[in-house]
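The values are calculated or read from the model by the stated rules, or taken from the named source; none is laboratory data. Quick caveat, the model's predicted, so the values are computed rather than measured. Glycine also receives a Cβ, built like all others from the backbone with ideal geometry; neighbour counts cover every protein chain displayed. Surface areas here come from the heavy atoms of the whole protein model, side chains and all, with no ligands, DNA or RNA. Shrake-Rupley method; radii C 1.70, N 1.55, O 1.52, S 1.80 Å.
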Amino acid sequence: MALVTHGDQKYRNSEKLVKTSEWPALSIEHRKFEAGHQATPAPICTELVMLLSGGGMVHRIGNGEVQKSLARPGMSYLVPAGTQESHLELSDRMECLHLYLPPALLDQSALADFDIDPAKVEIAYAHGLPDQVLFHVCSPLRDLLHRPRQPTDALFVEGIQVALAAHLLAHYTIDRWRPPEKSSSLDARRLQRVLDHIEASLGLDIRLEDLAAQACLSPYHFSRLFREATGLSPHRYVTDRRVQAARQELARNHSSLVDIALEFGFGSQANFTRVFRKATTLTPGQYRELCCGPLDVRTDRIAAGLRRDCA
């Protein structure tokens, strides 16, 4: 029997790109979100949300706990079954992979086999997890959603389920996980002000001093605290946002490469090509062809992944 999930009730204003629920202990969804509020029904199974692209501030309240974090690709969020969420808001567009697991990741006999106390096996309401092990264990499931089924898929998924359950039990039960320490200098309000300034100035010369001024900090302290908050240097974050904005514009196929280069602050087409290729392994022209060209181009696996980004 397929696992009963709650994604359609919770994410009513999202676009569900694809879903599979062929396994009794795992269901997977690939969704795209616009900025705004989401519904907050009580989850009937444990949910793991992994950010694939996009990003921004995530504000959520569950079981009376207020959580605010800057989401970026590779981050994960946990919502245990039965969590009483009262607020969930996204500041920007995001693309996510949702994994739904049974409330009990392992049955009682399995826990006894591994000498685990069942009383402590309760998953935490954890947010903003920059856990690369977790991401690399689960991200192959996106490719599974977007290709024809194979006879070995059940075995593949079973292996991921076991690895995922082991990792969650080792790091994210309520007795093991601790919320990240909050910075006393770069709070969510000032960070959002900096991010808004970046979004409004992608076509301009964005200087470190200007960003630091938005946060009311010296450039030195701002750089350190910004990296702590986002995992990226200010320069890298600005470059990533410019590339992401350029990708969206290339997919629309309305503007020339020169115009896009100037619109998003690359300065010249040559610099645009260099930066874009370093970030995506493709030139802007190649990326546009994959997004807007003939359907037979999509047979390549890389092309298929890029098309999902452009959808």
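Take the residues of the range 1-22 that are in contact with a Ser or Thr (Cβ under 8 Å, 6 or more places away or on another chain) and part of a loop (DSSP other than H, G, I, E, B): which is surrounded by the most Cβ atoms within 10 Å (Cβ to Cβ)?
Checked the range 1-22; the qualifying residue surrounded by the most Cβ atoms within 10 Å (Cβ to Cβ) is Thr5.
Here's the yes/no breakdown for (1) among the aromatic types (Phe, Trp, Tyr); (2) modelled with pLDDT under 85; (3) open to solvent by 20 Å² or more (accessible area, probe 1.4 Å):
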site: Ala124; (1), (2), (3): no, no, no
site: Pro130; (1), (2), (3): no, no, yes
site: Phe135; (1), (2), (3): yes, no, yes
site: His167; (1), (2), (3): no, no, yes
site: Ala170; (1), (2), (3): no, no, yes
site: Leu191; (1), (2), (3): no, no, no
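Go through Val243, Val258, Val238 for me and flag whichever is without any contact (Cβ under 8 Å) to a residue 40 or more places away in the chain, β-branched (Val, Ile, Thr) and under 18 Å from Ala71 (Cβ atoms).
When all the criteria are applied, what remains is Val243.
Name the residues in the range 229-249 that are of a type in the set (A, V, I, L, M) and in a helix (DSSP H, G or I), would you?
Hits for the range 229-249 are Ala229, Val238, Val243, Ala245, Ala246.
Among the residues of the range 252-292, count how many are open to solvent by 40 Å² or more (accessible area, probe 1.4 Å) and part of a loop (DSSP other than H, G, I, E, B).
Qualifying residue count, the range 252-292: 6.
Considering the range 59-91 alone, what residues qualify as being part of a loop (DSSP other than H, G, I, E, B), open to solvent by 10 Å² or more (accessible area, probe 1.4 Å) and hydroxyl-bearing (Ser, Thr, Tyr)?
Within the range 59-91, Ser91 is the sole residue that qualifies.
Has the range 32-41 got at least one residue that is at pLDDT 90 or above, loosely packed, with under 15 Cβ neighbours inside 10 Å and not in a loop (DSSP other than H, G, I, E, B)?
yes
Just for the range 200-246: of the residues that are of a type in the set (Lys, Arg) and modelled with pLDDT of 90 or more, which one is surrounded by the most Cβ atoms within 10 Å (Cβ to Cβ)?
Out of the qualifying residues, it is Arg242.
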